[in-house]
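Following: one structure in structure tokens, then a few remarks.
Each value in this text was obtained by applying a stated rule to the coordinates, not by laboratory testing. Just so you know, these numbers come straight off a predicted model, no measurement behind them. Cβ coordinates were reconstructed from backbone atoms using ideal geometry, including for glycine residues, and neighbour counts include every protein chain displayed.
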Amino acid sequence: MRLMLMIAVLAAPFALAGCETWNGVKKDMKKGWDATKETVHDATK
């Protein structure tokens, strides 16, 4: 658990660096959320 938190903290600035605007951040987050929902849906069929 501690390792995952450390990885997330270290990866967050790199993930957000690709988004130049707040709208870009929101768009990327929505894409990630949609992909997660689709994966969970496929896994629970």
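Remarks
- D_trans [Stokes-Einstein, Kirkwood Rh over alpha-carbon pairs] for the chain, 25 °C, 0.890 mPa s, µm² s⁻¹: 202 µm²/s
- With the simple spin-label model, which puts each label point 7 Å out from Cα in the Cβ direction, the Lys27 to Ala12 separation comes to 2.3 nm.
- Using a Förster distance of 22 Å, the FRET efficiency for Met1-Val40 (Cβ separation, nearest 0.05): 0.60
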